[in-house]
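**Q** Below are the structure tokens for one structure; questions will follow.
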Amino acid sequence: MSTIKVPSIGHYVAQIPFTIGHHLTDDHVVVGFFGTDKRAIAHGAFQWEDGIDTRGVVASFRRNMQDAEPVAHVFVVGYGPHGNDRAELLAEQIEDALEVASTPVQVLDGTWRSVEDPAGPWSSALPIPQASPDMVGLGMRAPAASREELFASVAPLPEPLFGPLDRAKAKYLTTVSPATRADLAVAALDHIAAGRIDDPAHLQSLAHLVTTDVTVRDAVLASALDGDPRHDRVEALVRTYRAAPAEQRPMLATTAAAAAFLAAWHPPLVWGVLQHADPASRLTSLITGALRAGANPAPMRPGLLEAVRDGLRQAEDAWTASHVTADHANPATSSGSRVVRPAVPAPPHPRPSTGADAPGL
């Protein structure tokens, strides 16, 4: 067990509820993996139960960290009166299995203490510092009171707030290009993100567009992540999935979970959404695998954005080419060698073209 400066451990302990997403109980143990630059790579929390297979837990950590960046140090934080014994046991097993230095820490009654030197005594207990202002300043969500409360915050609503889009509006959307559908979806997403009360019309439009066109789904996902992740848009995707009818929920949950993961939301929140995602979706599998591996989402975002732009451009080119071909084949829309493009039909009801007050389809 290596020597770590005590103040840094206190600040780490203060940040754990924000990192995990909920406050911990006396039965919890948290393991934090850190790289050579002292940056967090991954965190794991589990409840200690009688007869727990600690070597199995360590083996799971080892598998999950195989494809992650190199680990230089591990903190093992045990909560409650027995937290010190649990942290010491698990720290020793992690050192043996992963061949890295570790520090056991105990959290009890608002204080923390650690083993500062290899095989040395436990330090004196110190008060846990206040972390809220710093974490809120970084855009971190306030931790939930419990894991159950955290999951409940992203569970589907008891009753959906909207139903499927009516046939006339759905038919209209089949007549416009992929880029136009993507623009409409992002506009609906922005309206939801900007509002304090969810408008069922915008939720309905976004849900239909995302669940009927994968290209549009990816464009919406990218819009929530372009540059620094737009947490208001990610929140809007989560709210749309929660409010959706059962038949639309799986694909919306997949999209919301992907956005939440790529925006670096608390892993338990992402797991909570993934419980309702489409199990057959490749995107669901990718996010599930990345979560289990403790992957850092930040390096994934640029590649995703580039792939979405390429995919949307290809879909738009294919749509344009197919409509030009159709125009040539239809004498009613052609005049000699000049192609006359048919006008795009108007939507089923008037829709303002600009402005934040524009309603959904």
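**Q** Only one residue in Leu286, Leu225 is within 28 Å of Gly35 (Cα to Cα), of a type in the set (A, V, I, L, M, F, W, C), outside any helix (DSSP H, G or I) and modelled with pLDDT of 85 or more. Which one?
**A** From the options Leu286, Leu225, the qualifying one is Leu225.
**Q** While we're here: Restricting attention to the range 262-283, report how many residues are farther than 11 Å from Val154 by Cβ, at pLDDT 95 or above and not in a loop (DSSP other than H, G, I, E, B).
**A** Here the count works out to 0.
**Q** Just give me the residues in the range 14-44 being on the phi < 0 side of the Ramachandran plot, open to solvent by 10 Å² or more (accessible area, probe 1.4 Å) and free of Cβ contacts under 8 Å to residues at least 40 places away in the same chain, in sequence order.
**A** Those that are on the phi < 0 side of the Ramachandran plot, open to solvent by 10 Å² or more (accessible area, probe 1.4 Å) and free of Cβ contacts under 8 Å to residues at least 40 places away in the same chain: Thr36, Asp37, Arg39, Ala40.
**Q** For the range 276-323, which residues satisfy the criterion of being aliphatic (A, V, I, L, M), in contact with a helix residue (DSSP H, G or I) (Cβ under 7 Å, 6 or more places away or on another chain) and touching a residue at least 40 places away in the same chain (Cβ under 8 Å)?
**A** The answer is Ala293, Leu304, Leu305, Val308, Leu312, Ala315.
**Q** If you check every pair at least six apart or on different chains, which have Cβ atoms under 9 Å apart with a residue in the range 108-123 that is under 10 Å from Tyr79 (Cα atoms) and open to solvent by less than 20 Å² (accessible area, probe 1.4 Å) first and a residue that is assigned to a strand (DSSP E or B) and of a type outside the set (Gly, Ala, Ser) second?
**A** Partner pairs satisfying both residue conditions: Trp112/Val77; Trp112/Val105; Trp112/Gln106; Trp112/Leu126; Trp112/Pro127.
**Q** All but one of (1) within 25 Å of Ala290 (Cβ to Cβ); (2) open to solvent by 20 Å² or more (accessible area, probe 1.4 Å) hold for Ile94; which doesn't?
**A** Here Ile94 clears every test but (2).
**Q** Restricting the range 192-206 to residues that are in contact (Cβ under 8 Å) with a residue 60 or more places away in the chain and open to solvent by less than 40 Å² (accessible area, probe 1.4 Å), which is nearest to Ser223 (Cα to Cα)?
**A** If we take residues in the range 192-206 being in contact (Cβ under 8 Å) with a residue 60 or more places away in the chain and open to solvent by less than 40 Å² (accessible area, probe 1.4 Å), then Leu206 is nearest to Ser223 (Cα to Cα).
**Q** Working only within the range 138-186, note down all residues that are assigned to a helix (DSSP H, G or I), closer than 23 Å to Ala224 by Cβ and among the hydroxyl-bearing types (Ser, Thr, Tyr).
**A** The answer is Thr180, and nothing else.
**Q** Something else: Within the range 140-157, which residues are charged (D, E, K, R) and touching a strand residue (DSSP E or B) at 6+ places or on another chain (Cβ under 6 Å)?
**A** Arg147
**Q** A further question follows. With the checklist (1) open to solvent by 60 Å² or more (accessible area, probe 1.4 Å); (2) over 14 Å from Ser102 (Cα atoms); (3) in a loop (DSSP other than H, G, I, E, B) in hand, flag the one item His11 doesn't pass.
**A** (3)
**Q** If you don't mind, another one. For the range 66-96, give me the residue count where each residue is closer than 21 Å to Gly10 by Cα and either of a type in the set (S, T, N, Q) or in a strand (DSSP E or B) (or both).
**A** Qualifying residue count for the region: 8.
The values are calculated or read from the model by the stated rules, or taken from the named source; none is laboratory data. Since this is a predicted model, take the numbers as computed values, not measurements. Note: ideal-geometry Cβ built from the backbone for every residue, glycine included; neighbour counts use all protein chains shown. Surface accessibility is based on the protein's heavy atoms, side chains included, excluding ligands, DNA and RNA. Shrake-Rupley method; radii C 1.70, N 1.55, O 1.52, S 1.80 Å.
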